[in-house]
Every structure is written in C-alpha cells, then in structure tokens.
Amino acid sequence: MAATLDGYQLRLPSFEGPLDVLLRLIERDQLAISEISLLAVFDQFMAHLDTLEAHAPETIAEFLMVAGRLSLLKSRALLPRPAKLQEEPEEVDLVRQLEAYRAVKAAAELLAVRQRTDSGAFGRGDAVAGPPIEPTRFAPQPASALAEAVGRWLTRVPAKPALLPRHRVVSLREMISRITSSLNHEASVSFSRVRATCAGPQDTAVAFLAVLTLMRRQVIVATQSELFGPIELARGLFAHPASNEPVAWDQDRTDGDGRRRT
C-alpha cells in the first residue's frame, strides 16, 4: 500500500518537514535526537488525527513505527550504555535497518499500484493456453488379433478360490450332555479327555463354559492336585448317576444354545 503519512508535516523548533525525513536525518547523524521533543511530535500527530474524517488504522500504524524508532534512538542517546568487549560501529546497524525500511516501503507502494491496476492477477479459463492434446491412434488390427488378446488376458485370471468347509460349533447343551454322559459311566473324567473330543478352539471354549455351568449348579466338582496339573471332574451333590439323560436346563434361564430366554 502507498505511504499513509504523505502530506503530513511536522513543525518543530529545530525541524520542519515530513516525519520519515526526520527519522532519516537522525539516523544519518545529520540531526541530533536530543534536539527533538518526542512529546511535541506526539501532540502534533494527535492534532493531525483530529483533522481527519476517520482515524485510518494504516496512518496510526505507520506513525507508531516511526515513533517507536525515534523513541529507541533517543533512549540510546540518553541512557548510559554498558561496556562492550568489542566495539561495533552503530551506524552499520542503522544503515541496515534504514535500507530494510526503504525496501518494505517500496514493496508496499508496488503492491498498491498492482492492486489499483489489477495487474498480477490471472483468471481461470483460456488465460494460459496449454499444449494441444492429440488423440491416441492405434494401428488397424483384424478381429482374430482381438480374440487372441482377450484369450491371453483370460489366462491371467486367477482360478476360483477354494472354499473351506465351515466347522460346526458344538452347542453348550450338547457339551453338557457329553460331560454328564461320561460321568454316568465313570467316577471321574479329566478335562483333557473332554478337550480331546473338541474339534477346535471354539469347542474348547464351549467345553470350559460347560464345566463352569455344571460346577455352579453343583452337578460336578473339579479338583486339581497341583498347580497347573490335570483337572479331574467328578459327580457333585446334585448329580444323577443312575440316569443316562443329560442334566436338564433351568427353563427360565437359557435355551439349547446357551442363550438366555426372554
């Protein structure tokens, strides 16, 4: 954007002119900062703001930037400086900052001109022409060549995958019937024998659940003589040794698959 303090003039006892010129003279040591009253600079700018129809944020921002630089220079001139191990020329830093300020100001003016003239903006459409796209042309081929190509492609199709047979999971009722039937013929049965009749991990889990169910109903008891030793299953308090029928389910609890009845 263009400079917003153009046309603003300072009138001080030792200087009269634009604010950026005052900063340039002080930074070049052509004017002593001690001769400038920053309070007078601030008061005149506030009076200038009262003359404007609206307080533009850009004007205030640019004034604060220059006023902040003036305050820094005056504080450096008034306050004592600590001793430095290696003296560095201060004018190098000031010149570098002044050049950076000029570059930013020039870039702002250039962007403002581009914004007013709408230069540097490109619309969508035919603004940038791309290279022409030619359609791909194939050499003429007989129908037999097409048939051979299709045949070669079909040979790459994988064979039909083999379907694995689905294993039937034993129900909880059936597993309870196995355990109780074994105990009707023998005094005790090891859990490893029950697990040997299982076809897979799912059947083993059902067998373990069946043992827990029968133990909860006191139909069987489970004993283990040592840690991690074999588990022996025997008839419990409510067992029916004289009957070959499996233990009946509670009719108000579960159905034949071990699911709770409603």
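Sorting E232, E27, E35 from the fewest to the most surrounding beta carbons within 10 angstrom yields E35, E232, E27.
Sort L72, L183 by Cβ crowding within 10 Å, fewest neighbours at the top. It would help to have the intermediate numbers written out before the result.
Working: L72 12, L183 22.
With the fewest neighbours first, L72, L183 line up as L72, L183.
Computed from the coordinates by the stated procedures, all read-outs in this text should not be read as laboratory data. Here the structure is a predicted model, which means the values were calculated and not measured. For neighbour counting, all protein chains shown are included, and Cβ atoms are generated from backbone atoms with ideal geometry for every residue, glycine included.
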